[in-house]
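The next block holds one structure in the form of structure tokens; read it before the comments.
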Amino acid sequence: MTFWEKAIEDAAVKTKQNIERFNGLFPHVSNGDEVYELNDNNEWTNGFWCGILWLCYEYTGDETFKKAAERSVQSFGVRLARNRELDHHDIGFLYSLSAKAQWMIERDEKAKEIALGAADVLLKRWRPKGGYIQAWGSEGHPENGGRIIIDCLLNLPLLYWAGEQTGNPVYRDVAVKHTEKSRRFLVRGDDSTYHTFYFNPENGEAIRGGTHQGYTDGSVWTRGQAWGIYGFALSYRYTGNVKYLETAKRLAKFFAERIPEDGVVYWDFDAPVRPGIERDSSASAIAACGMLEIVGHLNDGDPDMELIRKAALWSVESLAERHSTIDQPDAQGLIKHGSYSVRIGHAPDDYTIWGDYYYLEALMRLAKGHKGYWYE
Ligand code: GLY
């Protein structure tokens with residue numbers, strides 16, 4: 001058994017224990033006590049648990065995972081039907097890893113219908129006058145009405161996929177326009193990224209970049225950079241537009257050149273490094289998946305290939321060797337030292353269910369050539 005496979009086996013054992021523990025509820029983050037906070041499918045993070053279940057099912061073939069995943073997808077169907085906590089852009093995170101994943105694995109028509117319904121909900125956040133997908137809040141909201149955030153790039157695959165499934169060009173058109181807007185305004189000249197950007201919602205005029213979870217408005221929040229790496233790579237995968245691959249590569253190089261000695265990034269590349277500085281293991285896991293995706297598109301002679309490939313491998317190796325719970329059989333989380341928001345002290349050094357998901361996706365990419373559930 002390879003090193004990667006051993007890590008996956010450990011994740012599968014823990015996930016099976018968690019199915020019992022969580023009893024149909026969804027894990028979000030731990031908050032200082034190594035115990036996951038649970039909810040009944042009302043957070044932006046609920047798809048990640050479902051994605052973990054599907055990955056474990058695909059790796060082990062064990063029906064326990066499949067049953068638990070199908071049960072969660074049903075819950076996502078109810079959430080959609082009741083339009084519950086869907087007034088935000090994270091619909092892609094929620095439904096790509098739940099209903100769309102079920103469609104990919106089982107060709108279940110009901111799951112496909114749920115995923116397509118979710119894509120329609122996401123489409124409603126398109127603001128034609130501003131030319132972007134509004135991240136948070138209701139239309140016309142004084143602060144959020146004109147705001148985009150870099151995380152949204154991971155929501156776009158649901159739109160691209162819906163376009164492919166339905167033949168309706170509107171989904172792809174919106175996804176491409178939002179990718180363009182993000183590329184132009186969220187990516188800075190030095191290949192770092194803003195977390196968020198504000199526009200005049202009436203005419204799309206650019207106002208300013210800023211942050212929500214980063215150290216300062218002008219700093220580089222590591223998870224934001226990671227969302228950018230993977231997000232642009234996925235837009236390339238769907239569109240074949242080499243500009244997006246180039247952008248993903250530039251962002252990946254910026255990240256790779258700033259990984260600290262022990263292989264897992266701190267929470268913000270500009271936060272002063274002091275003893276005990278918080279890390280964000282989830283950023284390393286997301287970036288690793290993005291970098292592995294990028295590497296799959298590069299030719300052998302590409303001058304950036306080695307840097308990006310090594311950074312991806314080193315990140316996953318470091319997560320598994322030094323930041324995982326492999327030596328803690330009763331742990332709930334798969335990787336430690338994720339941070340939700342260091343800025344406001346919310347789960348600053350904790351388990352994050354998205355970090356666990358991307359860690360497992362990265363392992364599955366390395367061990368099995370699996371690609372996650374973002375595209376078919
Ligand atoms: N998408 C929210 C976050 O990364 O915290």
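Every residue, every condition in (1) within 14 Å of the ligand (Cβ to nearest atom); (2) touching a helix residue (DSSP H, G or I) at 6+ places or on another chain (Cβ under 6 Å); (3) without any contact (Cβ under 8 Å) to a residue 40 or more places away in the chain; (4) within 23 Å of W267 (Cβ to Cβ), yes or no:
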{"position": "V176", "(1), (2), (3), (4)": "no, no, no, no"}
{"position": "R184", "(1), (2), (3), (4)": "no, no, yes, no"}
{"position": "T193", "(1), (2), (3), (4)": "yes, yes, no, yes"}
{"position": "P201", "(1), (2), (3), (4)": "no, no, no, no"}
{"position": "G214", "(1), (2), (3), (4)": "yes, no, no, yes"}
{"position": "W221", "(1), (2), (3), (4)": "yes, no, no, yes"}
{"position": "I229", "(1), (2), (3), (4)": "yes, yes, no, yes"}
{"position": "Y238", "(1), (2), (3), (4)": "no, yes, no, no"}
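Can you name the condition, by its number, that V35 falls short on among (1) closer than 28 Å to D280 by Cα; (2) surrounded by 17 or more Cβ atoms within 10 Å (Cβ to Cβ); (3) hydrophobic (A, V, I, L, M, F, W, C); (4) in contact (Cβ under 8 Å) with a residue 60 or more places away in the chain?
Of everything listed in (1) closer than 28 Å to D280 by Cα; (2) surrounded by 17 or more Cβ atoms within 10 Å (Cβ to Cβ); (3) hydrophobic (A, V, I, L, M, F, W, C); (4) in contact (Cβ under 8 Å) with a residue 60 or more places away in the chain, V35 misses just condition (2).
Can you name the condition, by its number, that T15 falls short on among (1) over 24 Å from M104 (Cα atoms); (2) under 22 Å from the mean Cα position of the chain (by Cα); (3) of a type outside the set (A, V, I, L, M, F, W, C)?
Result: T15 passes all but (1).
For the range 221-244, give me the residue count where each residue is more than 17 Å from the chain's Cα centre (by Cα) and surrounded by 20 or more Cβ atoms within 10 Å (Cβ to Cβ).
1
Does the range 34-43 contain any residue that is part of a strand (DSSP E or B) and either under 25 Å from S318 (Cβ atoms) or among the β-branched types (V, I, T) (or both)?
yes
Does A288 satisfy the condition of being under 19 Å from the mean Cα position of the chain (by Cα) and not polar (S, T, N, Q)?
The answer is yes for A288.
Mind checking whether some residue in the range 254-269 is within 23 Å of S339 (Cβ to Cβ), open to solvent by 10 Å² or more (accessible area, probe 1.4 Å), away from the ligand (no atom under 16 Å from the Cβ) and modelled with pLDDT under 95?
yes
The values are calculated or read from the model by the stated rules, or taken from the named source; none is laboratory data. Because the structure is a prediction, the values reported are computed rather than measured. Quick reminder, even Gly has a Cβ in these numbers, built from the backbone with ideal geometry, and neighbours come from all protein chains shown. Heads up: the accessible areas ignore ligands, DNA and RNA and are worked out on the full protein's heavy atoms, side chains in. Shrake-Rupley method; radii C 1.70, N 1.55, O 1.52, S 1.80 Å.
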